[in-house]
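The values are calculated or read from the model by the stated rules, or taken from the named source; none is laboratory data. Note that this is a predicted model, so its numbers are computed, not measured. When we count neighbours, we look across all protein chains shown, and the Cβ atoms used for this are built from the backbone with ideal geometry, even at glycine.
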Amino acid sequence: MSEFGSRSAPKSFAQRRLESLLTDPGVTFNGNQPWDIQVLDPQLYSTLLLNGSLSLGEGYMNGSWECAQIDEFINRLLRSPIAQNHAFLSHALSWLSAKVFNLQNQRRAFQVGEHHYDIGNDLYRAMLDPNMVYSCGYWADSDTLADAQKAKLDLICRKLELRPGMTVLDIGCGWGSFAQYAAEHYGVEVVGVTVSKEQAEWAENVCRNLPVEIRLQDYRQVEQQFDAVVSVGMFEHVGHKNYRTFMQVVDRCLKPSALCLLHTIGKNHNRMGLDPWTAKYIFPNGEIPSMRRVSAAVESLLVVEDWHNFGPDYDKTLMAWFHNFDSAWDQLEHNYSNTFYRMWKYYLLCCAGAFRARRLQLWQIVLSKGLSDQAYRRPA
């Protein structure tokens, strides 16, 4: 018996309705499987019917439910009818906001840096690999997170055909991991731009003896041309109203024969907006692009030379991040609340479940101006 009363009490309409939607994926409320949700507050059922994913995330943050394997619960949940039928109102409001407003304009560009990336380098040092790479690793021939991230960075350099002396623009440079790797291993000069003060300071420090310039700057303000352009894990903050502008910046910054590599999460549908809980607590103003919107932004401007999907690798990456975060919590908890722990745990495991369910993808897209008469070959 929980503090809220016996689970043998009569089931409410909301509970019965939700249980009927969960039959296909084999998820049971208060069941015996590790992916079954254990409801500790019966009010959760009605709030889930009303607010869907927003209430699900907030309910976990405030302790209204528990689950031994949140990642697998989300995987199964996203494969069920409930993923298509619940929370119309909250998703409709998210869609309407994205439709009407430019949530990623230059005035708002630095909000995600302050809200997400500036919360504490101690957290990211504990969670990420030693090079502080905050994007999907490439696990094809890797067994550890560090190796998967190095393999990803090297794959990007080879796809861009980098050579010593080339200049590279890194849009959304993070903590400088790509700039450092490309400068050290490929002998290139890099200009990195970010909207995070913490990232900029960290990147300047790790790249201080390299031909790397780090700028606290919105991508729309970059004017000069480069031999290559790369953007890793930043396009998710651009927003559909700015996709064409982003591609115009890429076109403006590319020399005639140069290549651009865009590394981004992608979604399977064309609906606008972001999951309401994620937008509220994790990535304000974020939006995952669809293939159609990326293609429309590129059309008649750039040529798609290659489109590579390795979405399942993000499941492995996120689970590695969670295990690092969870293992380090004893050293982190004096700087963060227990509510933050539950929020961050839910964020990482939910994302892992979404990639496992194949609702999200990871794309590396190589773009050019189409001026070369040589066919592009993806490196092995």
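Details
- Pairs linking a residue in segment 265-290 that is aromatic (Phe, Trp, Tyr) to a residue that is part of a loop (DSSP other than H, G, I, E, B), with Cβ atoms under 8 Å and 6 or more positions apart or on different chains, are Phe283/Leu274.
- One residue alone among Gly192, Gly239, Gly176, Gly187 is touching a residue at least 60 places away in the same chain (Cβ under 8 Å) and not aliphatic (A, V, I, L, M), and that residue is Gly239.
- Filtered by the rule that a residue be of a type in the set (A, V, I, L, M), crowded, with 20+ Cβ neighbours inside 10 Å and more than 21 Å from the chain's Cα centre (by Cα), segment 53-82 gives a lone residue, Ile82.
- Hey, Leu318 assigned to a loop (DSSP other than H, G, I, E, B), out of contact with any Lys or Arg (no Cβ under 7 Å at 6 or more places or on another chain) and among the aliphatic types (A, V, I, L, M) or not: no
- Identification of helices (runs of 4 or more DSSP H) wholly contained in segment 30-118 with 3 or more residues that are modelled with pLDDT of 80 or more yields 43-51, 53-61, 70-78.
- Scanning segment 241-271 for residues that are under 16 Å from the mean Cα position of the chain (by Cα) and either modelled with pLDDT of 95 or more or buried (at least 17 other Cβ atoms within 10 Å of the Cβ) (or both) yields Leu262, His263, Thr264, Ile265, Gly266, Lys267.
- Test result for Leu362, touching a Phe, Trp or Tyr at 6+ places or on another chain (Cβ under 6 Å), in contact (Cβ under 8 Å) with a residue 12 or more places away in the chain, surrounded by 19 or more Cβ atoms within 10 Å (Cβ to Cβ) and outside the structural domain of Thr144 (by TED's automatic domain parsing): no
- The conditions of being under 23 Å from the mean Cα position of the chain (by Cα) and either of a type in the set (Gly, Ala, Ser) or more than 29 Å from Met291 (Cβ to Cβ) (or both) are met by Gln180.
- Some residue of segment 196-204 being farther than 19 Å from Met247 by Cβ, touching a residue at least 24 places away in the same chain (Cβ under 8 Å) and more than 21 Å from the chain's Cα centre (by Cα): yes
- Scope segment 175-208; condition of a type outside the set (D, E, K, R), modelled with pLDDT of 95 or more and either in a loop (DSSP other than H, G, I, E, B) or surrounded by fewer than 16 Cβ atoms within 10 Å (Cβ to Cβ) (or both); matching residues: Trp175, Gly176, His185, Gly187, Val188, Asn205, Cys207
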